[in-house]
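A quick write-up on the structure given underneath.
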Amino acid sequence: MYDAARRMIRHWLGRPAVALAAAFPNPLTIAWMRAICWIQLTTAELVAVTGAIRACPRCRLLVFGVGNDSPYWLAVNRDGTTLFLEHDLPWREAVAAEIGADPILTVAYGSRLDEWPEMIDQPSRLSMNLPPAVRDARWDVIVVDAPPGRQPSHPGRMQSIYESSRLVSPTGHVFVHDCHRPAERAYTDRFLGNRMTLVSDSRLRHYQSPTMPRLPGVPS
Ligand SMILES: C[S@@+](CC[C@H](N)C(=O)[O-])C[C@H]1O[C@@H](n2cnc3c(N)ncnc32)[C@H](O)[C@@H]1O
């Protein structure tokens, strides 16, 4: 009964809530939208990423993973370019029914979370086969909230964090979620540097490119 009511509220109010939050992004509108749309990122985290997007005219936004937040990222970055990278095909289809298939590109990960300690010293295993539309661009804002990395058999975020360090523009921002976990901490420390801000009271690390170490062979 409770679930049915929540689904009904989302069905009727989801689109207006996203439109309102995207038109007037502030903690109040974003908190309301988040509750209605069942978004996992916290309000403070959504506000932090929104600030980076809005600070960048015609922002090029790259998001690892689609989710209940995807309609909002497209709406708040309506004057820019937004692409999502997703490996889970059924989940991709579910979200594509809501936002269309065009902004979602399918990717594959070749890792398991329990391999993270050895993979960190094997850059050739961290590199991903990315579509030219992703590889050939430099991204102003990158959000890493995928792939899943809770269980040993999950892919883990080793490759998405590594690639974010290669894809971000020289003046861009990278946000990595779930940095309370050892793999996310180790890979962000190694590939994105140690000068970052933690979005208040959250698991989201925020990096800005000029503070990142340049890796050998990485275009700047
Ligand atoms: C952590 S979720 C993204 C959450 C989103 N940023 C939010 O705040 O709501 C990202 C990954 O979870 C995986 N996933 C699979 N099924 C899912 C589901 N039913 N809901 C959410 N994520 C799912 C997908 O592979 C996806 O790339």
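Annotation: amide H-H contacts under 5 Å for Arg203 (H modelled 1.01 Å from N, sequence separation of 5 or more, or interchain): Asp178. Taking 0.36 nm per residue of separation and subtracting the current Cα-Cα distance, fully stretching the chain between Ala97 and Arg6 would add 30.8 nm. The value of relative contact order for the stretch 31-120, using C-alpha pairs under 8 Å at least six residues apart, is 23 percent. Within the chain, which is the longest segment that contains none of the trypsin sites (Lys or Arg not before Pro) sitting in a DSSP loop with at most 14 other Cβ atoms within 10 Å? By the stated rule (loop sites, at most 14 other Cβ atoms within 10 Å), 79-149.
Mean residue ellipticity at 222 nm, helices only, the chain: -12500 deg cm²/dmol; runs of at least 4 DSSP H residues each add -39,500 (n - 2.57), and the sum is divided by the number of residues. Scalar couplings 3J(HN,Hα) for the stretch 146-155, obtained by applying the Karplus form with A = 6.51, B = -1.76, C = 1.60 to θ = phi - 60°, are 6, x, x, x, 8, 10, x, 7, 5, x Hz; x denotes Gly and Pro. Rounded, prolate or oblate, given the Cα gyration tensor of the stretch 42-211, with a/c below 1.5 counting as rounded? Verdict is rounded for the stretch 42-211.
Using a 4.7 Å Cβ-Cβ cutoff, the cysteines of the chain lacking any partner cysteine are Cys37, Cys179. Remark: Met119, Met158, Met8 ranked as Met8, Met119, Met158, counting other beta-carbon atoms within 10 Å and listing the fewest first.
Ordering Ile120, Ile53 from the fewest to the most neighbouring beta carbons within 10 Å gives Ile120, Ile53. Using the Cβ-Cβ distance between Asp189 and Thr81 with R0 set to 35 Å, the FRET efficiency works out to roughly 0.75.
How much length would be gained if the chain were fully extended between Phe24 and Ser124, taking 0.36 nm per residue of separation minus their Cα-Cα distance, in nm to one decimal?
Extra length from Phe24 to Ser124 when fully extended: 31.7 nm.
Each Cα pair under 8 Å and six or more residues apart adds its sequence gap; the mean of these over the residue count of the chain is a relative contact order of 16 percent. Relative contact order, whole percent, for the stretch 109-215 stands at 25, derived from Cα pairs under 8 Å and 6 or more residues apart.
For Ser111, Ser153, the sequence from fewest to most other C-beta atoms within 10 Å is Ser153, Ser111.
Just so you know, all these numbers are worked out from the coordinates, no wet-lab data involved. Just so you know, these numbers come straight off a predicted model, no measurement behind them. As a convention, Cβ positions derive from the backbone with ideal geometry for all residues, glycine included, and neighbour counts pool all protein chains shown.
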